[in-house]
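First the structure, in the form of structure tokens, and then the observations on it.
The values are calculated or read from the model by the stated rules, or taken from the named source; none is laboratory data. In this text, all values refer to a predicted model and were calculated from it rather than measured experimentally. Here Cβ is always computed from backbone atoms with ideal geometry, including for glycine, and neighbour counts include all displayed protein chains. Remember, those area values only see protein heavy atoms, side chains included, never the ligands or the DNA or RNA. Shrake-Rupley method; radii C 1.70, N 1.55, O 1.52, S 1.80 Å.
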Amino acid sequence: MSMRGRHLDAYSMYKRGTREHGFDAFDKEQGPERLLNGVGKDIGVPSWKRSLRHVLVATLSSFLYGYHLGVVNETLESISRDLGFHGNTMAEGGAFVGSLFSGLIADGVGRRRALQLCALPMIIGASMSATAKSLWAMLLGRLFVGTGMGIGPAVAALYVTEVSPAYVRGTYGSFTQIATGLGLMGSLFIGFPAKAIEGWWRICFWASVAPAAILALFMEFSVESPHWLFKRGRAADAEAEFEKLLGGPYVKSAMAELSKSDRGDETDTFKFSELLYGHHRKVVFIGSTLFALQQLSGINAVFYFSSTVFETAGVPSESANMCVGIANLLGSFIAMILMDRLGRKVLLIGSFSGMVVAMFLQITSATSLVSRSSGVYLSVGGMLLFVFTFAIGAGPVPSILLSEMFPGRVRANAVSVCMAFHWIVNFFVGLLFLRLLEQIGPLVLNSIFGAFCLLAGASGYKYFIAPISLAANPAGLSIQKMQTLVNDVIDGS
């Protein structure tokens, strides 16, 4: 019997088990791994330790993403003095291009090779920036880096979702947010001497080459996504990778689920029009809207404006950035702990609600209702609370959810489209922020940001978040079960 035939037999056994046990087998007391053992015997859940090292290697791409976001913050003054460089626009443009093509790359060469490829432009771009003698050399280097920044997070989200056991998938997905925060903090620490030591900014760019090289090297020894292998018709290789990730007793059940969810995919030709006009358009809309609301909440403006607010309170910019970074990391660690306990829905709604409260504090600080000294403390407290609550849900949840909701055939390309939309919104928010701040002032601008947070937490619940509330199961649904429920919501809407 062929390998494919054995997988279909396993799938038939899965169907019989489902009819006998019903969907209650997927409740929080009995995850999918307990059901799909072929004979109905409870074999528990696979060890999280097997997949941990592969996930940690992949999250190096998120560390690099955070590092390159922050590397110009402390060094911008000295780079501007030496080369006339004024910001991250080229990196954002490169990130848009990279994210747009990340799905094609991930589907074409695999998740593992795609992560290695994302390291290459980061190494080239960082080296060009470190050795730049002119503005154009710096801009070209940032363009290369931005391309890697666009590819990395999208592919890392796919990879982490596809190699993680269901019951820790949210926890592992939160690692990317933690890694981004660590990258931001790392760039801050390394950039401290930039104002005092001439040419130190070049060292800051050189420092990013090492983790990029480690990512490219260590991914060579990491597993490939079994989902991608199965989709490419390499079922035997998918079994071997599942054995490394889950252990022998769980291979049969894992392959049965793949046979159920991806059967027939290898004969279908994917078309981008499916994401815009076809069956998956509503989920793409949900994902793109979540990323848009994430950016329109004002998180990047808060990061940008934090130094000014803290300096008003008499806190140096270095200490201000440190406080913001710690708040971001603390929120990310709490998200990691709670993601698979409370679920995505609770963290997302709670996060946006907390951001509304934080924006209200900042708005109040700019009014005549409080004294100047009290206003400063309210503004600082509101800013730290905003960053903290963002990191709990609005930061990590959208990318985790998107990787879980789409079926394997369109997953990579659908995530890339949503991420590309994220970069478009990010670009325009950054472009218009200072202009709006000058024309309408911080009070009105913060009110606008607060309104978007309220939209995400209130109206957004009904139209965007409710359809994905199925992700609240603290034990973790299988990707296949989640996609079935999402499709039910779409078909019934």
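Can you name the condition, by its number, that LEU384 falls short on among (1) touching a Phe, Trp or Tyr at 6+ places or on another chain (Cβ under 9 Å); (2) in contact (Cβ under 8 Å) with a residue 40 or more places away in the chain?
Result: LEU384 passes all but (1).
Quick test for you: out of ALA238, ALA196, pick the one residue that is over 21 Å from the mean Cα position of the chain (by Cα), open to solvent by less than 10 Å² (accessible area, probe 1.4 Å) and over 15 Å from LEU64 (Cα atoms).
Exactly one of ALA238, ALA196 is over 21 Å from the mean Cα position of the chain (by Cα), open to solvent by less than 10 Å² (accessible area, probe 1.4 Å) and over 15 Å from LEU64 (Cα atoms), namely ALA238.
Would you check which residues across the range 409-442 are of a type in the set (D, E, K, R) and closer than 27 Å to GLN362 by Cβ and list them?
Across the range 409-442, the qualifying residues are ARG435, GLU438.
Here are some conditions: (1) of a type outside the set (Lys, Arg); (2) in contact with a Lys or Arg (Cβ under 9 Å, 6 or more places away or on another chain); (3) at pLDDT 90 or above. ALA213 meets all but one. Which one does it not meet?
With respect to (1) of a type outside the set (Lys, Arg); (2) in contact with a Lys or Arg (Cβ under 9 Å, 6 or more places away or on another chain); (3) at pLDDT 90 or above, ALA213 is out only on (2).
Here's the yes/no breakdown for (1) surrounded by 15 or more Cβ atoms within 10 Å (Cβ to Cβ); (2) of a type outside the set (S, T, N, Q); (3) at pLDDT 75 or above; (4) in a helix (DSSP H, G or I):
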site: GLU274; (1), (2), (3), (4): yes, yes, no, yes
site: ILE286; (1), (2), (3), (4): yes, yes, yes, yes
site: LEU290; (1), (2), (3), (4): yes, yes, yes, yes
site: GLN295; (1), (2), (3), (4): yes, no, yes, yes
site: VAL309; (1), (2), (3), (4): yes, yes, no, yes
site: SER319; (1), (2), (3), (4): no, no, yes, yes
site: VAL324; (1), (2), (3), (4): yes, yes, yes, yes
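So is ARG113 of a type outside the set (Gly, Ala, Ser) and surrounded by fewer than 20 Cβ atoms within 10 Å (Cβ to Cβ) or not?
yes
Mind checking which pairs have a first residue in the range 436-448 that is on the phi > 0 side of the Ramachandran plot and a second that is crowded, with 16+ Cβ neighbours inside 10 Å and not polar (S, T, N, Q), Cβ under 8 Å, 6 or more apart or different chains?
Matching pairs, first to second residue: GLY441/ALA366.
If we only count helices (runs of 4 or more DSSP H) wholly inside the range 7-116, which ones have 1 or more residues that are at pLDDT below 80, within 30 Å of SER129 (Cα to Cα) and out of contact with any strand residue (DSSP E or B) (no Cβ under 8 Å at 6 or more places or on another chain)?
60-83, 89-109
Mind telling me which of the residues VAL346, VAL356, VAL410, VAL425 ends up being touching a residue at least 40 places away in the same chain (Cβ under 8 Å) and crowded, with 24+ Cβ neighbours inside 10 Å?
It is VAL410.
Scan the range 120-134 and report the pairs whose first residue is open to solvent by 30 Å² or more (accessible area, probe 1.4 Å) and whose second residue is not aliphatic (A, V, I, L, M), with Cβ atoms within less than 6 Å and a gap of 6+ or a chain change.
ILE124/PHE144; MET128/GLY141
The rows are residues; the columns are (1) within 26 Å of GLY98 (Cβ to Cβ); (2) in a helix (DSSP H, G or I); (3) in contact with a Phe, Trp or Tyr (Cβ under 8 Å, 6 or more places away or on another chain); (4) of a type in the set (Phe, Trp, Tyr).
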position	(1), (2), (3), (4)
TRP423	yes, yes, yes, yes
ASN426	yes, yes, no, no
LEU434	yes, yes, no, no
GLU438	no, yes, no, no
GLY450	no, yes, yes, no
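Tell me, please, whether a residue that is surrounded by fewer than 24 Cβ atoms within 10 Å (Cβ to Cβ) and closer than 22 Å to LEU69 by Cβ can be found in the range 360-383.
no
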